[in-house]
């Protein structure tokens with residue numbers, strides 16, 4: 001059993017750890033609120049873009065567009081979005097489980113694949129896999145994906161599909177539903193279009209009226225908006241992933257802080273018991289000594 005000095009040292013150590021986890025919880029909460037706000041701000045744009053796509057699909061103008069080309073899938077590009085750091089609960093694990101599951105499905109179907117890893121944890125995991133082709137690695141991706149890093153990621157996926165190096169582009173990420181609920185998911189980025197496995201809901205206000213007039217033509221509009229629509233879906237996936245990461249890290253650090261508080265209480269109780277025991281023993285010895293002298 002540890003003595004009083006050892007218990008004091010452990011209490012100091014746990015309290016120091018608690019201060020760190022509490023600070024990390026507050027930082028993650030702040031980042032989560034900003035990421036959540038940005039994700040919710042851009043979500044209507046993404047839904048509206050998909051509403052426009054559905055309308056153009058009904059007009060038959062997507063049939064011959066290169067981004068909508070339906071080909072038998074013989075090779076797939078997988079974009080897996082994880083975090084640069086750990087201490088985020090099961091965030092990275094859930095994403096990488098989906099990634100491994102997709103790899104196994106492709107292997108069983110005879111489909112070859114290549115990977116783009118976003119996040120240091122994804123890059124480290126992919127590097128450990130045998131016979132896995134990597135088309136790109138993006139670490140320290142900004143909370144607000146823009147600029148050269150985002151354009152490079154989008155251009156790689158776009159060019160590989162249009163040049164027929166791959167027949168499909170899938171994105172594995174964590175869908176942000178609320179600060180307490182996030183779910184690892186897969187969306188089919190290319191070929192562009194609406195698919196049954198995508199859980200995004202297009203609200204009625206985001207749909208395009210069938211009487212809408214496009215200038216100069218629906219086909220010309222499609223040429224302009226197709227790449228933007230693909231960009232919007234990838235952008236939204238990155239925002240959702242980052243908001244989910246901060247949410248799960250905030251929750252993990254809150255649990256760690258609560259556990260540290262409970263541990264300090266238990267150690268303090270044990271130390272007080274030992275102190276009380278030592279005092280009781282001293283009083284007993286004093287009483288015995290007094291009786292012996294009498």
Filter pass, residue 117 being in contact with a helix residue (DSSP H, G or I) (Cβ under 8 Å, 6 or more places away or on another chain) and under 17 Å from residue 238 (Cβ atoms) | yes
Would you mind stating whether residue 207 is modelled with pLDDT under 90 and outside the structural domain of residue 183 (by TED's automatic domain parsing)?
-> no
How many residues are modelled with pLDDT of 90 or more, more than 23 Å from residue 85 (Cβ to Cβ) and surrounded by 14 or more Cβ atoms within 10 Å (Cβ to Cβ) if we restrict to the stretch 11-42?
-> 2
Restricting to the stretch 59-88, what's the tally of residues that are over 23 Å from the mean Cα position of the chain (by Cα) and free of Cβ contacts under 8 Å to residues at least 40 places away in the same chain?
-> 3
Say whether the condition of being out of contact with any strand residue (DSSP E or B) (no Cβ under 7 Å at 6 or more places or on another chain), touching a residue at least 40 places away in the same chain (Cβ under 8 Å) and not in a helix (DSSP H, G or I) is met by at least one residue in the stretch 96-117.
-> no
Tally of residues being part of a helix (DSSP H, G or I) and surrounded by 18 or more Cβ atoms within 10 Å (Cβ to Cβ) across the stretch 80-93 | 2
Keeping to the stretch 118-145, report how many residues are closer than 17 Å to residue 173 by Cβ, surrounded by fewer than 19 Cβ atoms within 10 Å (Cβ to Cβ) and free of Cβ contacts under 8 Å to residues at least 40 places away in the same chain.
-> 3
Considering the stretch 1-51 alone, what residues qualify as being within 22 Å of residue 245 (Cβ to Cβ), touching a residue at least 60 places away in the same chain (Cβ under 8 Å) and either out of contact with any helix residue (DSSP H, G or I) (no Cβ under 7 Å at 6 or more places or on another chain) or outside any helix (DSSP H, G or I) (or both)?
-> 34
For residue 243, indicate whether it is in a helix (DSSP H, G or I), surrounded by 12 or more Cβ atoms within 10 Å (Cβ to Cβ) and in contact with a helix residue (DSSP H, G or I) (Cβ under 9 Å, 6 or more places away or on another chain).
-> yes
Checked against (1) crowded, with 19+ Cβ neighbours inside 10 Å; (2) touching a helix residue (DSSP H, G or I) at 6+ places or on another chain (Cβ under 6 Å); (3) at pLDDT below 95, residue 77 satisfies every condition except (3)
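The values are calculated or read from the model by the stated rules, or taken from the named source; none is laboratory data. Everything numeric in this text was worked out from a predicted model, so none of it was measured. A quick note on method: Cβ atoms are made from the backbone with ideal geometry, for glycine too, and the neighbour counts reach across all protein chains shown.
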